[in-house]
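Engineer: Dropping a structure here in structure tokens format, bear with me for questions.
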Amino acid sequence: MYQASLTSRYLLRKIIPLLAMLSVALCTAMVIIVFSVMNGFLDLVTQAGRKLIGDVAIDGPVTGFAWYEEVLDELRRLKTVEAASPMIETYGLLKMPYNQIAQVQVVGIDPESYDAVTGYASTLYWRPLTEAEAKRLPAGDIRREQWEPDESLLDWRRILHGSLLDPEFESLGPIGPEGLRNHTPEWQNPHGANESLLERLKVAGRTLQTPAGSPGLVPGIRVSIVNERVAGRSYDFRGTWFMPTREVTLTVLPLTDEGGIRNPESRVFPVVNEFAVERYDVDSAYVFVPVDVVQKMLGMQPVRELSTTEFDEFGDPVPTGRMTPGRVTRIVVKARAGVAPVRLREQVQEAYASVFERHVGAMPPPSQMNIRTWEEQIALYIGAVKNETALVMTLFSIISLVAVILVLSIFWTVVQQKTRDIGILRAVGASRLGITWLFLLYALILGILGAAIGCGLAVLIVHNINPIHHFLGEQFGIVIWDPKVYMFDEVPNDVNPVFATMIMAAGVLFAVLGALLPSVRAALIDPVSALRYE
Amino acid sequence: MTHLLEVRSLRKTYRLGRVDVPVLKGLDFDVREGEWVAVLGASGSGKSTLLHLCGALDRPDRDGGTVLYREQNINKWSAKAKDRYRNTAVGFVFQFYHLLPEMNVLQNTALASMVRYGHLGYLSRRSQLMRRAAQLLDAFGLSNRARHKPAELSGGERQRVAIARALMNEPALLLADEPTGNLDAVTGGQILDVIAETHRQGQTIVMVTHDRAIASRADRIVELKGGRLATS
């Protein structure tokens, strides 16, 4: 009982132990902040990396694999499969307005099934936002126009409703739907003039078609170098041009079965939207186009088989009546809720193998196919971040050991100061164990208070880390998390309660460990010497 | 009267640097139940050492004699038994009071009972123990000082608190080490009155002092000279 009584009094009347508490608090706060930011960063990287790749993917050779529709049918019969979608991936060149040319990763998709697998539609940048979504954007973002009475958006409102002439590009003619109506009938609104451009862009992006039904192209938001990234998941288009509704030319290189290059194929596409997954290597390089269009450009579409022995009167080969199946390079699959990707991968492997058995020789064997879960696909990508997180955490944990040394030295001093009290307690019958417990209890309470204060401090800082970061940037020019450099606009600001609790427990443990040696020393003090201690 | 304490051939040697300094050189000494014994001796004669050995705060030399409490050799007891002995069988009063500065007078008085009963035992008896502590303070004229800190008390008041603390667990033996050594003559006299009063109520007391006049208040005086008892 005397331990609790004395501990509460020591706590209220001694300054030095409060320093031990402060050191535990600071170390706990430091580790929680670092862990939250780094782990949040890892989560963001993982989430961004996971976008647009489904749960499991079948990757074939660059020349594609045939009978993919049978594979899709087989997959869709599985109870573990929610959706599956064919894709073609190849490299290409994109010629944008004003002779801007970029090397791009061309991704041919079937928009509807691809959206079912990956949530593609939610990555479209130009779409009407809910009020809650719009409110999260910084003031001045064009996409707030529906909700934002801000006069600074007036010009953008005019663009979206098609009446602005950008002075810089005035000589090039009007831009936006109003101007485009004069030049590109593709964008005339079949549903009437009242439907906003954002609504039309959303539909066009989801279907990869203009309102008139022409195949469209959706580039990543950073494909055009003039889309300048600003904070708050926004891009500044002012003084530049508005990519959607513009026309671009895509050039791809069809390959022979032997891997040689045929004549390049070019095609003009209207840009029907842009997308952003907040992953730089995707947003700056990927362009989506309809899979059937890419198939044709690459010569991978289904064709009628021609006879090699029979010819018509003009000497041309006669069709055999059979079709050579089309090819794709990839199939992405989404698992039903509760199905582990690893389990799905096994079933996808079995499904592909069963189709292969029906078409031996006409498809790559399963051993040549790459069937991987999403985690396996991005393992290399997130591996570096994981290692970095582990390294930083290890370093900060080692630094936190300083708290143990600090607590040890503080408690060594406290025991020195309390030598006579120890003698008194021993004289009234306190045991050595009781004396040890007195100081350990003291350290335990200091540790608990320190860890709780540290956790509170960390939660406060982590939750306000972005305003703090903005303040440092504005006042002192210190910008650690530059949205132009990093993939993410904001510093992760969530504290994982489980890990925070673990770190707090470690803080308490460190405090008790630090006090252990002084506590044992206190217990071993000779009571007679202690009573004579001056 | 039976012997409460029997000290036989007690020897204690301190080592100062490389030199062994024998303090007690084979001392024999008995204390009967209800007796007040004054141990008289000059500074450095080993009076306090004798008290510490009798209270199991210190150990005699190897084969350095025995201290028998109710015919049991306390030096053969376990550490736990010695702790219990110090807590319940003896009560110490020191020259420099040795009160815990963070606790108030009432809590200092109750300290030995806090040690004795542990958390749950103390809490379940809290009101009873606090009543006992308050009664002791009342008996020593300190009831108005119960909530004060030791630093707010005079020397005499502090020593009265120390005596109250020593008596809290109703020990069989009160060991007083120069209880008036830090007080003026008047205050010292008042403290001796308090000790005499507890003795009148049956308390066995061993008091060490260098002052013959103070020692004369006891039932019996034993004198320590050269590490042995000179007079009995």
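The values are calculated or read from the model by the stated rules, or taken from the named source; none is laboratory data. None of these values were measured; they are calculated from a predicted model. Methodologically, a virtual Cβ is constructed for each residue, glycine included, from the backbone with ideal geometry; neighbour enumeration extends over all protein chains shown.
Engineer: Sort out for me the helices (runs of 4 or more DSSP H) sitting completely within the stretch A:421-534 that have 1 or more residues that are under 27 Å from residue B:86 (Cα atoms) and either out of contact with any Ser or Thr (no Cβ under 8 Å at 6 or more places or on another chain) or of a type in the set (Ser, Thr, Tyr) (or both). Spell out how you get there, then give the answer.
Structural biologist: Values: elements: A:432-463, A:465-476, A:497-524, A:527-532.
By residue number, A:432-463, A:497-524, A:527-532.
Engineer: Using the structure shown, decide if residue B:106 is more than 22 Å from residue B:229 (Cβ to Cβ), under 20 Å from the mean Cα position of the chain (by Cα) and of a type outside the set (Asp, Glu). Step through it out loud before you land on a result.
Structural biologist: Details: more than 22 Å from residue B:229 (Cβ to Cβ): yes; under 20 Å from the mean Cα position of the chain (by Cα): yes; of a type outside the set (Asp, Glu): yes.
Criteria met by residue B:106.
Engineer: Report, by residue number, each residue of the stretch A:263-280 that is charged (D, E, K, R) and either outside any loop (DSSP other than H, G, I, E, B) or at pLDDT 85 or above (or both).
Structural biologist: Going residue by residue through the stretch A:263-280, those that are charged (D, E, K, R) are A:265, A:267, A:274, A:278-279.
Matches in the stretch A:263-280: A:265, A:267, A:274.
Engineer: With respect to residue A:43, is the statement that it is out of contact with any strand residue (DSSP E or B) (no Cβ under 7 Å at 6 or more places or on another chain) and assigned by TED's automatic domain parsing to the domain that holds residue A:404 true?
Structural biologist: On the way: out of contact with any strand residue (DSSP E or B) (no Cβ under 7 Å at 6 or more places or on another chain): yes; assigned by TED's automatic domain parsing to the domain that holds residue A:404: yes.
Considered against the rule, which asks whether it is out of contact with any strand residue (DSSP E or B) (no Cβ under 7 Å at 6 or more places or on another chain) and assigned by TED's automatic domain parsing to the domain that holds residue A:404, residue A:43 comes out as yes.
Engineer: Got a sec? Which helices (runs of 4 or more DSSP H) wholly within the stretch B:25-128 have at least 1 residues that are more than 27 Å from residue A:523 (Cβ to Cβ) and in contact (Cβ under 8 Å) with a residue 24 or more places away in the chain?
Structural biologist: B:47-54, B:105-124
Engineer: How many residues does the stretch B:47-87 hold that are in contact with a Lys or Arg (Cβ under 6 Å, 6 or more places away or on another chain) and of a type in the set (A, V, I, L, M)?
Structural biologist: 1
Engineer: Looking only at residues that are small (Gly, Ala, Ser) and surrounded by fewer than 17 Cβ atoms within 10 Å (Cβ to Cβ) in the stretch B:88-135, which one is farthest from residue A:432 (Cα to Cα)? Working first, answer last.
Structural biologist: To start, the set of residues in the stretch B:88-135 that are small (Gly, Ala, Ser) comprises B:89, B:91, B:110, B:112-113, B:118, B:121, B:124, B:127, B:133-134.
Subsequent filtering for residues that are surrounded by fewer than 17 Cβ atoms within 10 Å (Cβ to Cβ) retains B:118, B:121, B:124, B:127.
Details: B:118: 14, B:121: 20, B:124: 24, B:127: 28 Å.
Ranking the qualifying residues of the stretch B:88-135, first place goes to B:127.
Engineer: Give me the pairs, please: first residue somewhere in the stretch A:324-353 and farther than 14 Å from residue A:58 by Cα and among the aliphatic types (A, V, I, L, M), second residue anywhere and surrounded by 15 or more Cβ atoms within 10 Å (Cβ to Cβ) and at pLDDT below 95, beta-carbon distance under 6 Å, and either six or more positions apart or on two chains.
Structural biologist: Close Cβ pairs (under 6 Å, with a partner that is surrounded by 15 or more Cβ atoms within 10 Å (Cβ to Cβ) and at pLDDT below 95) amount to A:339/A:80.
Engineer: Also, I was wondering about something else. If the requirement is being under 39 Å from the mean Cα position of the chain (by Cα) and more than 14 Å from chain B (Cβ to nearest Cβ), which of these qualifies: A:512, A:479?
Structural biologist: Working: A:512 fails: under 39 Å from the mean Cα position of the chain (by Cα).
Just a single option satisfies the conditions, and that option is A:479.
Engineer: Against the definition (aliphatic (A, V, I, L, M) and either loosely packed, with under 14 Cβ neighbours inside 10 Å or out of contact with any strand residue (DSSP E or B) (no Cβ under 6 Å at 6 or more places or on another chain) (or both)), how does residue A:116 come out, yes or no? Reasoning before the result, please.
Structural biologist: Working: aliphatic (A, V, I, L, M): yes; either loosely packed, with under 14 Cβ neighbours inside 10 Å or out of contact with any strand residue (DSSP E or B) (no Cβ under 6 Å at 6 or more places or on another chain) (or both): no.
No, not satisfied.
Engineer: So, of the residues in the stretch A:393-418 that are modelled with pLDDT under 85 and of a type in the set (A, V, I, L, M), which turns out to be nearest to residue A:451 (Cα to Cα)?
Structural biologist: A:403
Engineer: Being in contact with a Gly (Cβ under 8 Å, 6 or more places away or on another chain) and not small (Gly, Ala, Ser), is that true of even one residue in the stretch B:125-140? First the steps, then the outcome.
Structural biologist: The first filter runs over the stretch B:125-140 and keeps only residues in contact with a Gly (Cβ under 8 Å, 6 or more places away or on another chain), leaving none.
Checked against the condition, which is being in contact with a Gly (Cβ under 8 Å, 6 or more places away or on another chain) and not small (Gly, Ala, Ser), the stretch B:125-140 yields no hits at all.
Engineer: Now a separate question. From B:142, B:51, which residue is more than 9 Å from chain A (Cβ to nearest Cβ) and in contact with an Asp or Glu (Cβ under 6 Å, 6 or more places away or on another chain)? Show your work before the answer.
Structural biologist: Working: B:142 fails: in contact with an Asp or Glu (Cβ under 6 Å, 6 or more places away or on another chain).
Result: B:51 is the single residue among B:142, B:51 that is more than 9 Å from chain A (Cβ to nearest Cβ) and in contact with an Asp or Glu (Cβ under 6 Å, 6 or more places away or on another chain).
Engineer: Could you say which residue among A:428, A:414 is within 14 Å of chain B (Cβ to nearest Cβ), without any contact (Cβ under 8 Å) to a residue 60 or more places away in the chain and within 20 Å of residue A:4 (Cβ to Cβ)?
Structural biologist: Values: A:414 fails: without any contact (Cβ under 8 Å) to a residue 60 or more places away in the chain.
A:428 is the lone residue from the list that is within 14 Å of chain B (Cβ to nearest Cβ), without any contact (Cβ under 8 Å) to a residue 60 or more places away in the chain and within 20 Å of residue A:4 (Cβ to Cβ).
Engineer: Considering each residue of the stretch B:158-199, count those that are under 17 Å from the mean Cα position of the chain (by Cα) and assigned to a helix (DSSP H, G or I), and give that number.
Structural biologist: Matching residues across the stretch B:158-199 total 20.
Engineer: Return the only residue of A:332, A:328, A:294 being under 26 Å from the mean Cα position of the chain (by Cα) and either surrounded by 14 or more Cβ atoms within 10 Å (Cβ to Cβ) or within 19 Å of residue A:72 (Cα to Cα) (or both). Steps first, answer last, please.
Structural biologist: Details: A:328 fails: under 26 Å from the mean Cα position of the chain (by Cα); A:294 fails: under 26 Å from the mean Cα position of the chain (by Cα).
Being under 26 Å from the mean Cα position of the chain (by Cα) and either surrounded by 14 or more Cβ atoms within 10 Å (Cβ to Cβ) or within 19 Å of residue A:72 (Cα to Cα) (or both) holds for just one of A:332, A:328, A:294, which is A:332.
Listed here are the residues, each with its yes/no results for (1) among the basic types (Lys, Arg); (2) over 16 Å from residue B:96 (Cβ atoms); (3) modelled with pLDDT under 85.
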{"site": "B:128", "(1), (2), (3)": "no, yes, no"}
{"site": "B:132", "(1), (2), (3)": "yes, yes, no"}
{"site": "B:136", "(1), (2), (3)": "no, yes, no"}
{"site": "B:148", "(1), (2), (3)": "no, yes, no"}
{"site": "B:152", "(1), (2), (3)": "no, yes, no"}
{"site": "B:155", "(1), (2), (3)": "no, no, no"}
{"site": "B:161", "(1), (2), (3)": "no, no, no"}
{"site": "B:164", "(1), (2), (3)": "no, yes, no"}
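Engineer: Any residue that is at positive phi and either buried (at least 16 other Cβ atoms within 10 Å of the Cβ) or not assigned by TED's automatic domain parsing to the domain that holds residue A:249 (or both) - is there at least one of those in the stretch A:305-323? So that I can check it myself, show each step before the final result.
Structural biologist: Here is the first cut: in the stretch A:305-323, the ones at positive phi are A:315, A:321.
This time we only want the ones that are either buried (at least 16 other Cβ atoms within 10 Å of the Cβ) or not assigned by TED's automatic domain parsing to the domain that holds residue A:249 (or both), so: A:315, A:321.
Yes, the stretch A:305-323 contains at least one residue that is at positive phi and either buried (at least 16 other Cβ atoms within 10 Å of the Cβ) or not assigned by TED's automatic domain parsing to the domain that holds residue A:249 (or both).
Engineer: Can I ask one more? Give me a count of the residues in the stretch B:151-170 that are out of contact with any Phe, Trp or Tyr (no Cβ under 7 Å at 6 or more places or on another chain) and within 11 Å of chain A (Cβ to nearest Cβ).
Structural biologist: Final tally of qualifying residues: 3.
Engineer: Kindly list the number of the only condition in (1) free of Cβ contacts under 8 Å to residues at least 40 places away in the same chain; (2) touching a helix residue (DSSP H, G or I) at 6+ places or on another chain (Cβ under 9 Å) that fails for residue B:200.
Structural biologist: Going through (1) free of Cβ contacts under 8 Å to residues at least 40 places away in the same chain; (2) touching a helix residue (DSSP H, G or I) at 6+ places or on another chain (Cβ under 9 Å) one by one, residue B:200 breaks only (2).
Engineer: In the stretch B:89-115, how many residues are out of contact with any strand residue (DSSP E or B) (no Cβ under 8 Å at 6 or more places or on another chain) and more than 7 Å from chain A (Cβ to nearest Cβ)?
Structural biologist: Within the stretch B:89-115, residues that are out of contact with any strand residue (DSSP E or B) (no Cβ under 8 Å at 6 or more places or on another chain) and more than 7 Å from chain A (Cβ to nearest Cβ) number 11.
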